[in-house]
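The structure under discussion appears below in the form of structure tokens.
The values are calculated or read from the model by the stated rules, or taken from the named source; none is laboratory data. This structure is a prediction, so every number in the text was calculated from the model and none was measured. All Cβ positions, glycine included, derive from the backbone under ideal geometry; neighbour counts span all protein chains shown.
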Amino acid sequence: MGTIPNLVGAGLIVIGAGLGLGKIGGSAMDAIARQPEAAGKIQTAMIIIGALLEGLAFGALILGA
Amino acid sequence: MIISKKPVRSLTAILIGLISSVAMANPVEDTTHVKTETASHTEQVAHETANHETEAHTEKHEALSPKEKINEHIQHHLADSYDFTLYSDEEAGTHVGFPLPVILIDDGLKVFSASAFHHGETVANVDGAYYKLVHNKIYKTDAEGTLELDHHGHPTNEMPLNFSITKNVFSLLITSLLLFLMFTALARTYKKGPNNLPTGFSRVLEPLVLFVRDEIARPNIGEKKYKKFMPFLLTVFFLIWLLNLIGLTPLGINVTGNIAVTFCLAFVTLIITNFSANKDYWGHIFWMPGVPAPMKIILAPIEVLGIFTKPFSLMIRLFANITAGHAVMMGLLAIIFLFKNLLGTGGSIGVSLALTTFISLIELLVAFLQAFIFTMMSSLFIGMAVQEHDHHDDHH
């Protein structure tokens, strides 16, 4: 178990990643609504960025907590 | 972003979020947990001098509260082990399962069954040498099983070179065999002729192979060069997927949730990416074109770091996702024991079953998604390395 500063830092990063994921998801929804025919491409790009963010959040969790 | 529009509300949200993480950092149970640990530890040390380590171990086991027992069980499940335990009766001290071979190199090759350890309760005697299993690690001891502990409570005994077929190794071998059988059957149909339809189970595999080719490799690596990397991408995709799925069975296998396994997979990506890289790739790393000279000097170390952070994130992502999934599932199963008094036996089983079923379905999706993401990211990194220069400008 990490110390309190570690855990707070990890928590902050996870909050940031959560906000980022929400933004990605929201923008992807907007984009798909605007151009439904490009849904496949948008989804792939969304998953890639989501995965990058997720890697960051998990890295913070493992190194911090 | 939303933050700028509603600063007060998001600040409160962040504060509330922080409160929980601070409170989680040092719960009341945690301090008592430390106390019992030290108490049992001193007890253990006291017994240690009298060479009754086994007794101290069982005493410590009985003293655990249900919560600590569950924690220990989850830790045990996430780790690798030398046998498959399907069921164990704590009161009778019996374990139902089957042991796996232990292979040690210590004055010559020594092969014996892990049942000789009796789950760490006894000392295994192999050709005059004594070995003991402590916290899933094999130590060399004397006939009584004496352990020399350092001040952290870790044994300092000699550890022999260990090439055992553990649970994870066994699962990897089985999965490789399955993959081999599945895909040689598919390959055989293509060998017969270009227009042959696959039969049987191969018919399921063909669309998946096409998916990896058309959705992952082609768009990310490029039409001209993707063929060279298809064997790697297909292998990685199906290996990770199958291992993830096997991890969802009640056998308690957690291969992709082992950081050594994911490290090796990511390491292969690192090797392939950098050895197939062209001049442009290295040019972009050490002397980024199109930016002022001082920026080039600043960018070079960042880009060099980037070579390693990309596979590192691959490693962490797969490991953490699968480990987290397994931990959540075990935690939800533990509801049966933790909420027995509150909800009654039937109620707690019902709640646990509903939640576990739900999370299992999500894990089925995650099993595929993680395989897909690992393959996708690998092909993306490879694509960056083999891209031609004029293509590069189109993308940005």
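Kindly indicate whether any position in the stretch B:297-311 is surrounded by 14 or more Cβ atoms within 10 Å (Cβ to Cβ) and among the aromatic types (Phe, Trp, Tyr). No, the stretch B:297-311 contains no residue that is surrounded by 14 or more Cβ atoms within 10 Å (Cβ to Cβ) and among the aromatic types (Phe, Trp, Tyr).
Taking (1) over 25 Å from residue B:174 (Cα atoms); (2) assigned to a helix (DSSP H, G or I); (3) without any contact (Cβ under 8 Å) to a residue 24 or more places away in the chain in turn, residue B:204 satisfies each apart from (1). The test for being out of contact with any strand residue (DSSP E or B) (no Cβ under 6 Å at 6 or more places or on another chain) and modelled with pLDDT of 90 or more holds for residue A:18. In the condition set (1) surrounded by 16 or more Cβ atoms within 10 Å (Cβ to Cβ); (2) out of contact with any His (no Cβ under 8 Å at 6 or more places or on another chain); (3) at positive phi, residue B:106 is compliant with all but (3). The set of residues in the stretch B:137-191 that are part of a strand (DSSP E or B) and not aliphatic (A, V, I, L, M) comprises B:137, B:139, B:140, B:141, B:155, B:162. Set side by side, the residues A:16, A:20, A:11, A:59 differ, and just one is more than 20 Å from residue B:374 (Cβ to Cβ), within 7 Å of chain B (Cβ to nearest Cβ) and within 16 Å of the chain's Cα centre (by Cα), which is A:11.
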